[in-house]
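The values are calculated or read from the model by the stated rules, or taken from the named source; none is laboratory data. Keep in mind it's a predicted model, so treat the numbers as computed, not measured. FYI the Cβ positions are ideal-geometry reconstructions off the backbone, even for glycines, and counts take in every protein chain you see.
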Amino acid sequence: MTPSPSTLRRQLILWLTAPLVSLWLISSAIDYNVAFKAANHAYDQTLLSKLFGLSKQVVVENGHLTVKLPPEALAILRSADQDKIYFQVWNRSEQFIFGYIDLPMPIPMTINTITQNIPSYRDETYRGESIRIISVGTQIKGRDVLIQLARTTKRREETIAEMLMNMVIPQIILVLMAIFSVWYAVGRSLTPLMQIRDEILHRSHLDLSPVSQIQVPLEIQPLIQGFNELIARLGKLLNAQQRFVADAAHQLRTPLAGLKAQAELALRLENPAEIRHSLQQIHTAAKQANHLIQQLLVLARAEPEAQQDSLMRAFDLAELAKKITMTWVPRALHKKIDLGFEGVDASATVHGNATLIGELLNNLIDNALRYTPENGVVTVRIVSLLDDLILEVEDNGTGIPFEMHDLVFDRFFRILGSNQEGCGLGLAIVREIAHGHDTDVQLLLGRNNQGTLMRVPFKRIKSEFNPLNTQTLKQ
Ligand SMILES: Nc1ncnc2c1ncn2[C@@H]1O[C@H](COP(=O)(O)OP(=O)(O)O)[C@@H](O)[C@H]1O
Ligand SMILES: [Mg+2]
């Protein structure tokens, strides 16, 4: 089972919600604290003023402390929303004078603990309800009294809840709005991507024009850029292949048409000598067509895009060059050309596709032997220069006019008048193979400013012994 890909939206919202909710929790705790303190303070103030009112009603009558509470005063004392008010008055000798006798006493139960005229507040439970209770010890007409007044805390709790709501609800709305904004913004930002997806989906496979980046957010532009670069490379490759196929078809048509015409002519001939002559020409044309096809196939394999990294290994360049030079000796002898090989003493390991580099060398030697007149000299050489191993093929033949040095590497380009068979692909193959190995082919003048010197430098690999060498050469 593959995990479902996480959406940008989900990730962003998660990253935003976690700190926001934590922050909200902390702020709610602080809010509660603030609300509690404020509500409590207001509560205590009312308790104090009521207690003050009550204390005024404590009088001395016949030498005894007593509380005179007319109904109006009692009404004022007891007006406290839906809360209940309880009170009591004690004298110094802990004698109960007035009020609710069972109100919780301050601990320890003595008037002396209540500092003179400084009220103390505490939360208690009374008759199953929580109450806020104020106690004060004071002197009335020179006598010590303890007055306690209590109020159920229903209103206080309501005030706290109201205050908390007023603070927390806007915060919740803010958090929700932030989450919604992110959700919406991500959707909005991704719209151009969706448009690009639709555009690509509805495209013809032949349309390799770049995707427009104008509407795309800056962060996504590298992606589109990369995609466009890939498309551009694909376009180039496709163009090259189309050109190649067109060239190949064009080039093959001529020898095949010649073959057909000669075969038709031979069929009409009666004279065996003439038939034989015609067959000879058919044979030559077939050989040329065969060579052309061979070269086209090599070229197709030699294109840097087609060269596979998997076929690249370390091998001994000098050994390969020597082996290939040997195969050309009969051709050289036939043309009375002195074909020589100069190797290197040290190891000559390079990294590459040995088959293709062999093909490169074959084409260079073929040209050298082809365009060098009889009794000429052709030398294949490996030169060691610092980190480079340079493959050289030098001849003292006709040479290539300077103004054609670039042109000869073009596909199907041939210098007219050489009277040699060929299809103009040899040097194009050499160049493609060199490019596929991150190097290039250099065309120079041969010794004594005569003939041609072709050089292809390779990077030497520093290894005394490489088991891959033998493996490659055995293939
Ligand atoms: N060593 C050389 N000496 C002289 N001319 C050469 C040499 N190599 C190549 N050329 C010229 O370059 C042209 C292109 O070479 P190439 O691409 O191998 O095609 P081809 O050999 O099939 O004509 C040849 O037609 C030839 O005129
Ligand atoms: Mg050639």
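Brief remarks on what is shown
- Long-range neighbours under 8 Å by Cβ, at least six apart or interchain, first residue among the polar types (S, T, N, Q) within the range 226-255, second modelled with pLDDT of 85 or more: N228/P210; N228/V211; Q251/L292; Q251/L296; Q251/F412; Q251/C423
- Of residues in the range 193-225 being touching a helix residue (DSSP H, G or I) at 6+ places or on another chain (Cβ under 8 Å) and part of a helix (DSSP H, G or I), the one surrounded by the most Cβ atoms within 10 Å (Cβ to Cβ): I196
- Candidate set from the range 134-158 (those that are at pLDDT below 90 and among the polar types (S, T, N, Q)); member that is surrounded by the fewest Cβ atoms within 10 Å (Cβ to Cβ): Q139
- Test: residue in the range 406-422 that is more than 7 Å from ligand 1 (Cβ to nearest atom), of a type outside the set (S, T, N, Q) and under 20 Å from I324 (Cα atoms): no
- Within the range 442-460, tally of residues that are outside any strand (DSSP E or B) and away from ligand 1 (no atom under 11 Å from the Cβ): 3
- Considered as a group, the residues in the range 415-448 that are within 11 Å of ligand 2 (Cβ to nearest atom) and either free of Cβ contacts under 8 Å to residues at least 24 places away in the same chain or outside the structural domain of N396 (by TED's automatic domain parsing) (or both) include one that is farthest from A249 (Cα to Cα), and that residue is I415.
- Of the residues making up the range 378-396, none is assigned by TED's automatic domain parsing to the domain that holds K462, within 16 Å of ligand 2 (Cβ to nearest atom), out of contact with any Asp or Glu (no Cβ under 6 Å at 6 or more places or on another chain) and more than 29 Å from R460 (Cβ to Cβ).
- The residues of the range 417-441 that are closer than 15 Å to K459 by Cα and not in a loop (DSSP other than H, G, I, E, B), listed by number, are I433, A434, H435, G436.
- Any hit, the range 24-38, residues being closer than 28 Å to S120 by Cα, surrounded by 15 or more Cβ atoms within 10 Å (Cβ to Cβ), modelled with pLDDT of 90 or more and touching a strand residue (DSSP E or B) at 6+ places or on another chain (Cβ under 7 Å): no
- Enumeration of residues in the range 346-381 that are part of a loop (DSSP other than H, G, I, E, B) and touching a Ser or Thr at 6+ places or on another chain (Cβ under 6 Å): Y371
- Matching residues, the range 301-330, being exposed (fewer than 15 other Cβ atoms within 10 Å of the Cβ) and in a helix (DSSP H, G or I): D309, S310, L311, K323, M326, T327, V329, P330
- Residues located in the range 382-409, provided they are in contact (Cβ under 8 Å) with a residue 60 or more places away in the chain, assigned to a strand (DSSP E or B) and not hydrophobic (A, V, I, L, M, F, W, C): S384, D388, E392, E394
- Number of residues in the range 70-91 that are free of Cβ contacts under 8 Å to residues at least 12 places away in the same chain, under 20 Å from D102 (Cβ atoms) and assigned to a loop (DSSP other than H, G, I, E, B): the value is 0.
- One residue from I101, I118 being β-branched (V, I, T), farther than 17 Å from S49 by Cα and in the same structural domain as L48 (by TED's automatic domain parsing): I101
- Options F465, F412; residue that is at pLDDT below 90, more than 12 Å from ligand 2 (Cβ to nearest atom) and either among the acidic types (D, E) or not in a helix (DSSP H, G or I) (or both): F465
- Total residues in the range 414-440, condition under 17 Å from V298 (Cα atoms) and within 45 Å of the chain's Cα centre (by Cα): 13
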